[in-house]
1. On the given criteria, is residue 209 hydroxyl-bearing (Ser, Thr, Tyr) and more than 20 Å from residue 325 (Cα to Cα)?
2. Just a yes or no: is a residue in segment 234-241 touching a residue at least 24 places away in the same chain (Cβ under 8 Å), over 30 Å from residue 123 (Cβ atoms) and surrounded by fewer than 24 Cβ atoms within 10 Å (Cβ to Cβ)?
3. If you check 299, 279, which single one turns out to be of a type in the set (Gly, Ala, Ser) and either over 30 Å from residue 123 (Cα atoms) or open to solvent by 10 Å² or more (accessible area, probe 1.4 Å) (or both)?
4. Out of the residues in segment 314-363 that are among the small types (Gly, Ala, Ser) and in a loop (DSSP other than H, G, I, E, B), which is nearest to the ligand (Cβ to nearest atom)?
5. Quick test for you: out of 155, 160, 205, 220, pick the one residue that is within 12 Å of the ligand (Cβ to nearest atom), touching a residue at least 40 places away in the same chain (Cβ under 8 Å), assigned to a helix (DSSP H, G or I) and small (Gly, Ala, Ser).
6. Where the second residue is open to solvent by 100 Å² or more (accessible area, probe 1.4 Å) and assigned to a helix (DSSP H, G or I) and the first is closer than 19 Å to residue 248 by Cβ and touching a residue at least 40 places away in the same chain (Cβ under 8 Å) and lies in segment 283-294, which pairs have Cβ atoms under 7 Å and are six or more apart or on separate chains?
7. Quick one: in segment 223-240, which of the residues that are assigned to a helix (DSSP H, G or I) and out of contact with any helix residue (DSSP H, G or I) (no Cβ under 9 Å at 6 or more places or on another chain) is farthest from the ligand (Cβ to nearest atom)?
8. Any idea which residue in segment 41-72 is nearest to the chain's Cα centre (by Cα), counting only those that are open to solvent by less than 10 Å² (accessible area, probe 1.4 Å) and under 18 Å from residue 14 (Cβ atoms)?
Amino acid sequence: MSRVVVVGAGINGVTAAIDLRGRGHHVVLVDPGPLPHPLAASTDISKAVRAAYGADEEYTELAECAIKLWRKWNKEFGLQFYHEVGVMFVCQREMKPGDFEYESFKMLKKRGHKIERINSAQIWKRFPAWNAELYRDGVLELEAGYTESGRVVAALIGCAKSLGVQLRERVRFSCLDERDDRVVGVVLDHGERITGDFVIMATGAWTPYQLPFMKEFFRATGQPVFHLKPRQHELFAAERFPVFGADITTTGYYGFPLNHDGVVKIANHGPGREMSPDSPERLVTQQEEQNLREFLSSSFLALAEAPIVYSRVCMYCDTHDGHFWIARDPEREGLVIAAGDCGHGFKFAPVLGEIIADAVEGKENPLLGKFRWRPEVRAGSGTDVARAKENL
Ligand SMILES: Cc1cc2nc3c(=O)[nH]c(=O)nc-3n(C[C@H](O)[C@H](O)[C@H](O)COP(=O)(O)OP(=O)(O)OC[C@H]3O[C@@H](n4cnc5c(N)ncnc54)[C@H](O)[C@@H]3O)c2cc1C
């Protein structure tokens with residue numbers, strides 16, 4: 001059995017730590033904390049969980065596994081993290097071949113999912129908060145919804161500790177401890193060394209800043225997130241306001257039903273603003289707020305004037321093709337990178353740990369081909385467009 005140091009206790013790090021500990025490895029999990037870390041991408045009130053992935057059958061299949069396990073986690077933890085309220089992607093015109101919505105509809109139908117095609121009349125009748133004159137066509141995935149990500153991370157941290165993962169909080173990774181072309185551990189910011197046979201860097205959007213050689217493959221981008229308090233709660237209850245993408249490849253806007261605090265979360269998925277996760281610029285701008293108001297006025301009139309009770313800039317760790325990066329570094333033996341979430345990784349939490357652990361152990365896993373070390377995919381390699389189709 002190996003000694004594994006996992007840097008970063010967001011969803012990638014904590015699920016990897018749990019899976020590796022389950023396989024009998026000695027695991028140390030390092031994070032400055034407090035956990036769940038308030039600036040981590042994983043720490044939020046909700047993340048969408050869906051199998052709709054356009055024509056990408058691998059992600060659809062992986063999401064199918066994850067959704068079954070989310071239901072199981074609800075039972076095992078005795079807590080409802082995952083809410084199966086449906087996810088709806090609608091367009092401002094008729095869906096056509098090539099559209100994310102159309103290809104998702106086709107794929108989910110082929111794979112036997114419970115889905116509905118949604119038109120303006122149905123939107124008007126069933127989802128009264130929507131401007132049914134603007135949205136014409138789309139797909140509603142019934143066996144999908146959202147998960148309370150921050151609560152999930154907190155529960156998994158507890159689970160990791162109870163399994164014997166050694167959690168090192170209030171310390172920060174400073175650099176790799178490299179000897180003779182091999183990574184033998186990490187050096188912490190106060191100089192302490194933690195040795196390991198393997199080091200997993202699961203530091204999300206911090207990764208290109210912690211490991212500058214990853215800058216040509218990763219881009220940290222800030223995305224605006226808003227929490228609004230509507231007056232008419234009944235319009236935003238889950239049965240009338242499922243998780244949604246509103247012509248998402250055009251507008252970038254997506255959102256969630258009213259939660260138990262009376263909050264509706266709406267956010268924008270787009271190119272974002274490149275910045276370090278520790279940047280002082282990590283605040284929502286006036287322009288982003290104005291854009292939101294314009295979107296609400298055209299799509300959800302009952303939310304147009306609703307007060308914004310909280311906003312944040314949440315960070316993606318983007319790769320240039322929109323796919324995750326879970327792989328051993330071919331030039332640094334002992335180092336494994338588990339990052340590159342591109343804003344769509346949390347839904348796979350129940351299956352992520354196994355994939356990362358397989359990469360550490362060098363085990364066969366068909367998905368590791370998709371997430372492999374791919375130096376050909378870098379800034380300007382012309383694959384960025386693909387990412388636009390990859391939403392949450
Ligand atoms: C706005 C937004 C919306 C999203 N919506 C969805 C969605 O609806 N559905 C979905 O599936 N996914 C979604 N995602 C993606 C999802 O949040 C990510 O895939 C996931 O949270 C990434 O987890 P992570 O562990 O890689 O990174 P993080 O959660 O960011 O964790 C990284 C950890 O590294 C730690 N760290 C940083 N520096 C150091 C250091 N020096 N030493 C030690 N530790 C360090 C941090 O403290 C942090 O805890 C969204 C992301 C964003 C930003």
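The values are calculated or read from the model by the stated rules, or taken from the named source; none is laboratory data. If you're wondering where the values come from, they're calculated on a predicted model, not measured in any experiment. Positions of Cβ are backbone-derived with ideal geometry, glycine not excepted, and every protein chain shown enters the neighbour counts. Protein only, heavy atoms only, side chains kept; ligands, DNA and RNA dropped before computing areas. Shrake-Rupley method; radii C 1.70, N 1.55, O 1.52, S 1.80 Å.
1. Criteria not met by residue 209.
2. For segment 234-241, residues touching a residue at least 24 places away in the same chain (Cβ under 8 Å), over 30 Å from residue 123 (Cβ atoms) and surrounded by fewer than 24 Cβ atoms within 10 Å (Cβ to Cβ): absent.
3. Unique residue meeting the criteria: 279.
4. 345
5. Exactly one of 155, 160, 205, 220 is within 12 Å of the ligand (Cβ to nearest atom), touching a residue at least 40 places away in the same chain (Cβ under 8 Å), assigned to a helix (DSSP H, G or I) and small (Gly, Ala, Ser), namely 205.
6. Here the result reads none, with nothing in segment 283-294 linked to a residue that is open to solvent by 100 Å² or more (accessible area, probe 1.4 Å) and assigned to a helix (DSSP H, G or I).
7. Here the residue is 234.
8. 49
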